[in-house]
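**Student:** Sharing a structure, written as structure tokens. Questions coming.
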Amino acid sequence: MNHLLWFRNDLRTIDNTSLTEAVKSGANVIAVYCFDPRHYKQTAFGFNKTGKFRAQFLLETVENLQKNLEKLNITLLIYQETPETVIPKLLKEHKISRVFLQKEWTAEERLVSETLKKNTDASVKWQECYDQFLFHPTEIPFDDFSVIPKVFTDFRKKCEKQCQILQPLKAPAPLRKSSLLTIQTKIPTFTDLGLQSFERDPRSAFPFKSGEHAGWERMENYIWKTQNLKEYKHTRNGLVGTEYSSKFSAWLANGSISARSIYWEVKKFEQEVTKNQDTYWMIFELIWRDFFKYISLKHGDAIFKIGGILEKEYQWKAEADKKEDWIHGKTKYDFVNANMIEIALTGWMSNRGRQNVASFWAKEMEQDWRIGASYFESLLIDYDVHSNWGNWMYNAGVGNDPRDRKFNIEKQANDYDPNQEFIGLWLKN
Ligand code: FAD
């Protein structure tokens with residue numbers, strides 16, 4: 001009996017429900033990952049859907065996953081083809097009766113799995129699970145997704161009060177050695193993906209290696225070795241360096257670590273070292289991440305529409321020269337410019353920076369916010385469909401901000417970069 005484990009944004013062996021279930025089934029398990037060529041094309045807004053920074057992070061992550069699965073005697077087959085091409089062939093060749101996968105619901109991802117299910121033998125079982133949440137959908141105190149609150153605080157308070165967070169699953173014990181396949185596939189290179197290799201900018205606030213192993217190393221460092229977690233609430237609005245915030249987002253985005261694993265590591269730290277506002281705030285921020293996932297579950301494709309989930313009818317502009325100025329850091333604000341140069345050169349921008357450049361683009365320049373969201377999608381190492389589009393809607397006034405705030409950029413620069421250390425780093429070097 002053969003089962004297939006189809007990896008998408010759950011590229012880990014620890015706390016992976018599909019992997020655990022597949023191994024438990026007692027079948028031979030074959031795993032597959034597809035570098036989908038559609039992910040390396042241009043979007044409707046003219047940007048590469050996956051730019052070089054995230055592509056590099058992903059390549060290394062998949063490589064690490066392949067090694068970790070090999071230790072479990074599971075072969076990870078890697079293709080540079082669409083799942084619709086690869087998976088039906090695998091199902092036939094290996095007489096696969098069940099496919100395990102993480103459930104995705106955004107339009108493009110859903111279309112892929114639905115097409116696949118439609119075009120494969122009805123005897124094949126598709127076992128999907130939600131595995132990207134802190135609060136599992138079966139645990140949340142809402143009858144269905146349509147009643148998820150509009151306002152974050154309402155969502156958070158109810159979940160905090162009524163929701164249990166599941167304990168992370170350990171990596172399963174290895175299968176029999178004979179389960180390994182003899183076929184070999186090749187991981188694509190940068191050039192295969194149509195991208196140019198690059199040198200990492202030494203100023204990057206995100207100089208980390210990728211993959212599950214590196215994600216756990218980062219947790220070990222941030223939480224335990226430096227104990228920076230102890231001061232997180234006070235440093236989280238920083239702009240310079242690796243330590244002002246956890247940087248967990250990139251591993252969370254492709255699923256090489258789970259939100260539950262981070263949660264329980266924070267809880268352990270609270271028990272063994274200290275519990276304070278700062279340790280709580282890390283969990284608070286992870287709840288924001290869940291919130292945007294639930295908002296996208298509730299509203300479906302509306303998160304990609306110009307009117308957002310509020311169906312606002314603003315007069316958005318799309319001026320090419322304004323876009324060039326914004327992207328190349330040539331606006332009237334040094335603070336916006338420094339942030340835009342940082343993301344262009346590194347694929348990283350702090351949360352404070354993201355809020356400011358988004359508010360500037362959408363609220364001050366009144367430019368189509370989706371251009372900004374699409375640019376971020378291309379560049380961000382930690383791009384996550386729900387967090388990116390959800391935060392962009394929020395900052396553009398078409399989402400979940402009940403106060404519909406516009407940032408005073410000069411005040412923000414004075415408050416968060418009083419000595420111009422950040423501006424100096426990106427504009428004067
Ligand atoms: P920390 O401050 O250490 O927070 C810990 C974790 O909490 C993060 O890793 C993240 O998972 C979660 N988190 C923190 N803030 C937010 C938030 N506002 N929304 C959702 N989750 C949050 N985050 C992404 O992961 N992917 C994106 O594509 C993304 N796009 C964004 C676009 C805009 C316009 C804005 C304003 C924010 C965006 N964010 C996105 C949210 C946030 O900026 C990043 O999660 C955060 O900066 C990542 O750094 P960190 O891991 O050091 O965060």
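The values are calculated or read from the model by the stated rules, or taken from the named source; none is laboratory data. All values derive from a computational prediction rather than experimental measurement. A quick note on method: Cβ atoms are made from the backbone with ideal geometry, for glycine too, and the neighbour counts reach across all protein chains shown. For accessibility, only protein heavy atoms count, side chains too; no ligands or nucleic acids. Shrake-Rupley method; radii C 1.70, N 1.55, O 1.52, S 1.80 Å.
**Student:** Of the residues in region 383-404, how many are in contact (Cβ under 8 Å) with a residue 24 or more places away in the chain and within 11 Å of the ligand (Cβ to nearest atom)? Walk me through how you get there before you give the answer.
**Tutor:** If we filter region 383-404 for residues that are in contact (Cβ under 8 Å) with a residue 24 or more places away in the chain, which is where we start, we get 383-387, 389-393, 395-400, 402.
Next cut, within 11 Å of the ligand (Cβ to nearest atom) only: 383-387, 389-393, 395-396, 399-400.
Residues meeting the conditions: 14.
**Student:** Does Asp201 satisfy the condition of being open to solvent by less than 30 Å² (accessible area, probe 1.4 Å), more than 20 Å from Asn388 (Cβ to Cβ), in a loop (DSSP other than H, G, I, E, B) and away from the ligand (no atom under 12 Å from the Cβ)? Reasoning before the result, please.
**Tutor:** Working: open to solvent by less than 30 Å² (accessible area, probe 1.4 Å): yes; more than 20 Å from Asn388 (Cβ to Cβ): yes; in a loop (DSSP other than H, G, I, E, B): yes; away from the ligand (no atom under 12 Å from the Cβ): yes.
Yes; evaluated as a whole, the condition is true for this residue.
**Student:** Within region 174-195, is there a residue that is in a loop (DSSP other than H, G, I, E, B), within 16 Å of the ligand (Cβ to nearest atom) and either touching a residue at least 40 places away in the same chain (Cβ under 8 Å) or under 25 Å from Val385 (Cα atoms) (or both)?
**Tutor:** Here is the first cut: in region 174-195, the ones in a loop (DSSP other than H, G, I, E, B) are 174-176, 180-195.
Next cut, within 16 Å of the ligand (Cβ to nearest atom) only: none.
Checking region 174-195: not a single residue is in a loop (DSSP other than H, G, I, E, B), within 16 Å of the ligand (Cβ to nearest atom) and either touching a residue at least 40 places away in the same chain (Cβ under 8 Å) or under 25 Å from Val385 (Cα atoms) (or both).
**Student:** Follow-up. Which one of these does Trp224 not meet: (1) more than 30 Å from Lys41 (Cα to Cα); (2) within 15 Å of the ligand (Cβ to nearest atom)?
**Tutor:** (2)
**Student:** Ile183: of a type in the set (A, V, I, L, M, F, W, C) and within 22 Å of the chain's Cα centre (by Cα), yes or no?
**Tutor:** Details: of a type in the set (A, V, I, L, M, F, W, C): yes; within 22 Å of the chain's Cα centre (by Cα): no.
No: the conditions fail for Ile183.
**Student:** Pairs only if they're at least six apart or on different chains, beta carbon under 8 angstrom, first in region 349-371 and open to solvent by 10 Å² or more (accessible area, probe 1.4 Å), second of a type in the set (D, E, K, R) and in a helix (DSSP H, G or I); list them, first residue then second.
**Tutor:** Met365/Lys322; Ile371/Lys323
**Student:** Quickly run through region 344-357 and pick out the residues that are more than 18 Å from the chain's Cα centre (by Cα) and of a type in the set (A, V, I, L, M).
**Tutor:** Ala344, Leu345, Val357
**Student:** Quick one: is Tyr244 open to solvent by 30 Å² or more (accessible area, probe 1.4 Å), of a type in the set (Phe, Trp, Tyr) and either within 13 Å of the ligand (Cβ to nearest atom) or assigned by TED's automatic domain parsing to the domain that holds Thr138 (or both)? Full working, then the answer.
**Tutor:** On the way: open to solvent by 30 Å² or more (accessible area, probe 1.4 Å): no; of a type in the set (Phe, Trp, Tyr): yes; either within 13 Å of the ligand (Cβ to nearest atom) or assigned by TED's automatic domain parsing to the domain that holds Thr138 (or both): yes.
Here the answer is no, as Tyr244 does not meet what is asked.
**Student:** Hey, another quick one. Which of the residues spanning region 247-259 are more than 6 Å from the ligand (Cβ to nearest atom) and either open to solvent by 10 Å² or more (accessible area, probe 1.4 Å) or among the aliphatic types (A, V, I, L, M) (or both)? If you could, list the steps in order and put the result at the bottom.
**Tutor:** Taking region 247-259 first, the residues more than 6 Å from the ligand (Cβ to nearest atom) are 250-251, 254-259.
Listed by number, the residues that qualify are Ala250, Asn254, Ile257, Ala259.
**Student:** What is the one condition in (1) in contact (Cβ under 8 Å) with a residue 12 or more places away in the chain; (2) within 27 Å of Ile262 (Cβ to Cβ); (3) surrounded by fewer than 17 Cβ atoms within 10 Å (Cβ to Cβ) that Lys67 does not satisfy?
**Tutor:** (1)
**Student:** Could you check region 299-382 for helices (runs of 4 or more DSSP H) lying wholly inside it with 2 or more residues that are away from the ligand (no atom under 16 Å from the Cβ)?
**Tutor:** On the way: elements: 320-327, 334-346, 351-359, 369-379.
Where helices (runs of 4 or more DSSP H) fall fully within region 299-382 and carry at least 2 residues being away from the ligand (no atom under 16 Å from the Cβ), they are 320-327, 334-346.
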